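Working notes, beginning with the structure itself.
The values are calculated or read from the model by the stated rules, or taken from the named source; none is laboratory data. Model, not experiment: these values are computed from the prediction. Note: ideal-geometry Cβ built from the backbone for every residue, glycine included; neighbour counts use all protein chains shown.
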Amino acid sequence: MIVCVCRRVSDREIARHARAGMGFDEIQFELGVATQCGQCEDCARDVVAQCHAMHPVAALHNEAAAPPSCACAV
């Protein structure tokens with residue numbers, strides 16, 4: 001699903017960066033999400049928070065072995 005219409009950033013792109021250990025500010029800088037109209041900021045932050053809750057940094061190296069457990073695993 002497209003989260004940021006202005007920059008055409010999907011929830012999958014945000015989740016991929018979050019699973020790599022990036023925080024919202026880093027993702028915002030990298031992808032440009034929530035830098036124009038700002039309507040997507042809450043949704044983008046929710047995606048990042050959900051991924052960080054379901055995929056702690058320690059599990060990033062073992063991600064392939066873990067079964068998908070949230071929307072950010074796609």
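Brief remarks follow.
- Only a single criterion out of (1) modelled with pLDDT of 95 or more; (2) assigned to a helix (DSSP H, G or I) is not satisfied by L60, namely (1).
- Considering the stretch 4-41, and only residues there that are in contact with a helix residue (DSSP H, G or I) (Cβ under 9 Å, 6 or more places away or on another chain) and β-branched (V, I, T), the residue that is nearest to M54 (Cα to Cα) turns out to be I14.
- Scanning the stretch 1-27 for residues that are out of contact with any Leu (no Cβ under 9 Å at 6 or more places or on another chain) and among the aliphatic types (A, V, I, L, M) yields M1, I2, V3, V5, A15, A18, M22, I27.
- Residues in the stretch 29-45 that are within 14 Å of V5 (Cα to Cα) and surrounded by 14 or more Cβ atoms within 10 Å (Cβ to Cβ): L31, G32, V33, A34, T35, C40, E41, C43, A44.
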